[in-house]
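For reference, the structure is listed below as structure tokens.
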Amino acid sequence: MVEARVDVEVVVVGGGPAGAAAATLVAQGGRDVLLLERAPGPRFKIGESLMPATYWTFQRLGLLEKMRQSFFPKKFSVQFFTHDGRATSPFYFFENEDHPSTQTWQVMREDFDRLLLDNAAEHGAEVRLGANVREVLFEDGRAVGVKVEEDGESREIRSRVVVDATGQSAFLSRQLGLREVDDCLRNVSYFTHFEGAQRGYGIDEGATLILHTRNQDSWFWFIPLPEDRVSVGVVGPVDYLVAGGDGDLRRRRG
């Protein structure tokens, strides 16, 4: 019996936090891993406010010291504002547990994602940007590699394991026709960054603020970022925020 060709033990599709973390862990285990990301580099995106539990992931990835030395604002709490504008008391994470894991960070995603990719490479993963995976290859019902486009050329990369870390793009489930949309989660988000916004002081400087709208049909976030920048966005059901499907918030109901 002729053994199937294997170019690399593990292929990870997607270079976001999930893909970078998966590639790092595989490399730490002494396995040969290739990470393929279709974009030429990390991009501006949301997902900037980290949860305290990420401490343990950073520790496992060998990233804690780099995060501590980063320019990302430290996040100790979250504070909520009710639909009528009343502020609740800040929820300080350390009040529930006295441990360094109760402090986390507010991150610029371009810089944070780059940090994770560089960390994966430092641990031995091969990272390729601008590599567009077109198809996961199957034989006898088993994933055996991917078809990828790089520099205008298409080729196959054979592997023993394929990891789909494409997030909401859901690459593999789309290929297999398995993707289903949950109508209860048909939400949309509008967001941007501003400069010069007022923020808290001291321990509250990096706090996430959550503001509920009058009818609680949607909610806003306010996330302090490095230097003088803040992230502001709104999340809500598509049929509420996008009147008539044209994306014009000025025509929003309510």
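The values are calculated or read from the model by the stated rules, or taken from the named source; none is laboratory data. Predicted model, so just to flag it, every value in this text is computed and none were measured. All Cβ positions, glycine included, derive from the backbone under ideal geometry; neighbour counts span all protein chains shown. Ligands, DNA and RNA are excluded from the accessible area calculation, which covers all protein heavy atoms including side chains. Shrake-Rupley method; radii C 1.70, N 1.55, O 1.52, S 1.80 Å.
What length, rounded to one decimal in nm, is gained on full extension from MET51 through to TYR201, with 0.36 nm per residue of separation minus their alpha-carbon distance? Write out the running numbers ahead of the final one.
Values: separation 150, 0.36 × 150 = 54.00 nm, distance 2.04 nm.
Between MET51 and TYR201, full extension yields 52.0 nm more.
Just grab the label-to-label distance for GLU65 and SER169, each label 7 Å out from Cα along the Cβ direction, in nm (one decimal).
Simple spin-label model gives 3.3 nm for this pair.
Assuming a ≥ b ≥ c are the square roots of the Cα gyration tensor eigenvalues, decide whether the chain counts as rounded (a/c under 1.5), prolate (otherwise, with a/b larger than b/c) or oblate. Walk me through the numbers before you get to the answer.
Details: a/c = 2.43, a/b = 1.51, b/c = 1.61.
Judged from the Cα gyration tensor, the chain comes out oblate (a/c at least 1.5, b/c at or above a/b).
Using alpha-carbon positions, what is the distance between the centroids of region 76-135 and region 169-184, in Å?
That distance is 25 Å.
Between the DSSP loop rule and a limit of at most 13 other Cβ atoms within 10 Å, which GluC sites (Glu not before Pro) in region 1-86 are left?
Working: sites: GLU3, GLU9, GLU37, GLU48, GLU65; in loops: GLU3, GLU48.
Passing both the DSSP loop test and the Cβ count: GLU3.
If I take R0 = 35 Å and measure r between the Cβ atoms of LYS147 and ARG186 in this structure, what FRET efficiency does the formula 1/(1 + (r/R0)^6) give, to the nearest 0.05? Let's see the in-between values first.
Values: r = 32 Å, r/R0 = 0.91.
My answer for the efficiency is 0.65.
Defining a contact as two alpha carbons under 8 Å apart and six or more residues distant in sequence, what relative contact order in percent does the chain show? Intermediate values should be presented prior to the final figure.
Details: 499 pairs, mean separation 59.0, N = 254.
The value is 23 percent.
With θ taken as phi - 60° and the coefficients 6.51, -1.76 and 1.60, list the Karplus ³J(HN,Hα) couplings across region 47-63 in order, rounded to whole Hz; mark glycine and proline as x.
Along region 47-63, the couplings run x, 9, 9, 7, 8, x, 5, 5, 3, 5, 5, 4, 4, 5, 7, x, 10 Hz.
If you place +1 on the Cβ of every Lys and Arg, -1 on the Cβ of every Asp and Glu, and leave all else neutral, what size is the dipole of region 79-163 about its Cα centre, to the nearest 20 Debye?
Working: 10 positive and 18 negative charges, 48 e Å.
Dipole size: approximately 240 debye.
Per residue of the chain, what 222 nm ellipticity follows from adding -39500 (n - 2.57) for every DSSP H run with n ≥ 4, rounded to the nearest 500? List each step's numbers first, then the result.
Values: 6 runs with 48 residues, N = 254.
Taking each H run of at least 4 residues, the total per residue is -5000 deg cm²/dmol.
For LYS74, give me every one of the lysines with a C-alpha distance below 25 angstrom, ignoring sequence neighbours fewer than eight places off in its own chain.
Straight-distance partners of LYS74: LYS45, LYS66.
Step through the residues of region 109-114 one at a time and calculate ³J(HN,Hα) from phi using the Karplus curve (6.51 cos²θ - 1.76 cosθ + 1.60, θ = phi - 60°), rounding each to whole Hz and writing x for Gly and Pro.
5, 4, 6, 5, 5, 5
Taking amide hydrogens as modeled 1.01 Å from N in the peptide plane, which residues meet the under 5 Å criterion relative to LYS45, leaving out close sequence neighbours?
Under 5 Å from the amide H of LYS45: ARG109, GLU110.
Under the Karplus relation 6.51 cos²θ - 1.76 cosθ + 1.60, θ = phi - 60°, what is the ordered set of whole-Hz ³J(HN,Hα) values for region 211-223, x standing for Gly and Pro?
10, 8, 7, 3, 9, 6, 8, 7, 8, 10, 10, 9, 10
Taking the Cα centre of the chain as origin, sum charge times position over the Cβ atoms of Lys and Arg (+1) and Asp and Glu (-1), and report the length of that vector in debye to the nearest 20.
480
Considering amide H positions built from the backbone, and no H for Pro or chain starts, which residues 5 or more places from TYR190, or on another chain, come under 5 Å of its amide H?
VAL234
Got a number for carbon plus sulfur as a percent of the chain's accessible area, 1.4 Å probe?
On the way: 7310 of 14710 Å².
The value for the chain is 50 percent carbon and sulfur by accessible area.
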